[in-house]
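Read through the structure below, which is laid out as structure tokens, and then see the notes.
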Amino acid sequence: MVTIPEYYEGKNVLITGATGFMGKVLLEKLMRSCPGVKAVYVLVRHKAGHGPLARIADMINCKLFDRLRDEQPDFAKKIVAVNSDLTLPELDLSKVDQEMLADCINIVFHCAATIRFNEPLKDAMLLNVLATQKMVALAHKMKHLEVFLHVSTAYANCDRTLIEEVVYPPPVDYKKLIDSLEWMDEKLVSAMTPGLIGKRPNTYTYTKAMAEYLVQQECGNLNVAIIRPSIVGASWKEPFPGWIDNFNGPSGIFIAAGKGILRTMRASNNAVADLVPVDVVINTTLAAAWYSGSQRHTRPKSILVYNCTTGSINPFHWGEVGMKQYHVISTFKRNPLEQAFRRPNVNLTTNHLINQYWIAVSHKAPAFLYDLCLRMTGREPRMMKTITRLHRAMMVLEYFTSHSWVWKTDNVTMLMNQMGADDKRTFNFDVRQLNWAEYMENYCMGTKKYVLNEAESGLPAARKHLNKLRNIRYTFNTVLVVFIWRVFIARSQMARNIWYFVVSLCFKFLSYFRASSTMKY
């Protein structure tokens, strides 16, 4: 078998969703580790007054591409921006562009999708299902296509506890649903949505499952592979540790915790947090396309599905993600975020009532007092709005932080075994080597550097601010204890007797503990 760089040499590659988080990493890794690739065509739509060329030029100027820029200064010449909108008929491609792509493309990576969990069903279907249908139709016109790789999600079938590497049929015929949504108004669709998605938590997982089935049904003789990543997080190693560029998923949670805004969340300490680094997903994707493309004449024609997850191989739990004794909180106490609202401290609970209590005490009450101070000083109140947005995001994530799944990864293991030693090093996706403590620290520092754009030079001031917040907390607690004493205890003889009894009991316990710890055996 040829190596992965050899396979991509001289090939024309088409990428959808190249301006998204995973798409950027895919583009960078493909061009850096497979320098022989002939050209990379990216479908990009106009956005906010910027055309495809301007958007690509702006994208490749970010830090993610620094290493590629150093190694291949002229890499941008291989990127061909094609004006397209996946939501419009025929992908809004001109006839000239359609013919060009049909004549030259060898490999397609379909990464584009909406990742908003609470997207209205019509919009989610338009972006995740209908756009995929149009891409499959375009792929059928490509004369030299070797492999069509579709990026799905490991949670597409989250209504199951055990998820194997197969395409599961959806509960509704996707063709009938597409036809029905054309004439239904938004109110009717919204009323029907809970019944349609069933046990799935949102329209995102529902439509991604439907897109998988559509690909299977309409691929015909196309050579297709499907990648199912779980929760995609910051980079592990490439192009450098900790790169992340968005607030989505766990990144927003980590930042809110580091800022001291998030103090409680509903999650199970024992539930598996199936985080997977973005470079692991991209390496798996490139390797899967290599295997399906290079073995297209000899391997079975069935669609290969790859569950790109970590929970079954190198499990990591939500209790380890954010608790005081572990990574996120300890990292942000050592390297605090600038202008933190409170000192970082997060409690996890599975109980809804307890969670609501802590939301009232630790979220809403401090936010109300802070906004009150802002109003009194003539400034615009903002913290309650922030808390409201945070609670909406947390409600969406609760399902995933409270459940665990078992994913079969036999195809991923097979793929790894097919690779040579050099390819295993260059396109490493062996998550058994992943050190979670190191990765989580890099992840947190990545949110500080690349999402919030906070420089290391600001750390002394941030630490000073955190110490100030600690002193304020101690002062407040002292005042509160004195207030409780004066109002409730000092006025009642029985309350004072109970208080003295508890205090004397504590002193006796401490004395016993001190004496026993100094005993010599």
Over the chain, the sum of -39500 (n - 2.57) across DSSP H runs of at least four, divided by residue number and rounded to 500 deg cm²/dmol, gives at 222 nm -14500 deg cm²/dmol
Determine the percent antiparallel among the DSSP beta bridges restricted to the chain, to the nearest 5.
-> 5 percent
Can you work out ³J(HN,Hα) from phi for every residue in the range 144-151, in order, using Karplus 6.51 cos²θ - 1.76 cosθ + 1.60 and θ = phi - 60°, giving whole Hz and x for Gly and Pro?
-> 10, 5, 9, 7, 10, 10, 9, 8
Given a 1.4 Å probe, how much area per residue of the chain is accessible, in Å²?
-> 49 Å²
For Lys95, counting only aspartates and glutamates whose alpha-carbon sits under 19 Å away and dropping same-chain residues fewer than eight positions off, the answer is Asp85, Asp103
Here FRET efficiency (C-beta to C-beta, Ser402 to Phe240, R₀ 25 Å, nearest 0.05) is 0.15
Report the extension gain between Cys373 and Met1 in nm, rounded to one decimal, defined as 0.36 nm multiplied by the number of residues separating them, less their alpha carbon distance.
-> 127.1 nm
Restricting to Cα pairs under 8 Å and 6 or more apart, the percent relative contact order of the chain works out to 16 percent
Which FRET efficiency, nearest 0.05, do Asp185 and Asp92 yield, Cβ-Cβ r, R0 25 Å?
-> 0.50
For Phe507 paired with Arg160, estimate the spin-label separation in nm (one decimal), with each label point 7 Å from Cα along the Cα-to-Cβ line.
-> 6.5 nm
Mind giving me the nanometre distance, one decimal, between the label points for Arg389 and Gln295, set 7 Å out from Cα along Cα→Cβ?
-> 4.7 nm
The range 64-163: relative contact order in percent, alpha carbon pairs under 8 Å with at least 6 residues between | 31 percent
Given pairs Lys208/Lys301; Lys175/Lys199; Lys468/Lys508; Lys199/Lys408; Lys63/Lys134; Lys24/Lys424 and cut-off 28 Å on Cα-Cα distance, the over-length ones are Lys468/Lys508; Lys63/Lys134
Give the cross-link partners of Lys385 among the lysines, using a straight C-alpha distance below 16 Å as the criterion and excluding same-chain residues fewer than 8 apart.
-> Lys259, Lys364
Could you tell me how many degrees, from 0 to 90 and to the nearest 10, lie between the Cα long axis of helix 383-401 and the main elongation axis, the longest principal axis, of the Cα atoms of the chain?
-> 60 degrees
Area of Thr401 that stays accessible when all protein chains are in place (1.4 Å probe, Å², to 10) | 0 Å²
Count neighbours as other Cβ atoms within 10 Å of each site's Cβ, and list the trypsin sites (Lys or Arg not before Pro) in the range 380-431 that are DSSP loop with at most 12 such neighbours.
-> Arg382
The chain: angle of helix 186-197 to the longest principal axis, Cα-based, in degrees nearest 10 = 80 degrees
For an R0 of 35 angstrom, estimate the FRET efficiency from the Cβ-Cβ distance between Asn477 and Asn270 and round to the nearest 0.05.
-> 0.65
So, by mean Cβ neighbours within 10 angstrom, what's the order for 219-226, 50-57 with the highest one leading?
-> 219-226, 50-57
Heavy-atom accessible area with a 1.4 angstrom probe orders Phe21, Phe501, Phe254, most exposed first, as Phe501, Phe21, Phe254
Given H placed on each backbone N at 1.01 Å, which residues far from Ser84 in sequence or on other chains put an amide H within less than 5 Å of it?
-> Val44, Arg45, His46
Whole-Hz ³J(HN,Hα) from phi, Karplus 6.51 cos²θ - 1.76 cosθ + 1.60, for the range 241-248, glycine and proline x = x, x, 6, 7, 9, 8, 8, 5
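The values are calculated or read from the model by the stated rules, or taken from the named source; none is laboratory data. All values derive from a computational prediction rather than experimental measurement. Cβ: placed from backbone, ideal geometry, glycine included. Neighbour counts: every protein chain shown. Remember, those area values only see protein heavy atoms, side chains included, never the ligands or the DNA or RNA. Shrake-Rupley method; radii C 1.70, N 1.55, O 1.52, S 1.80 Å.
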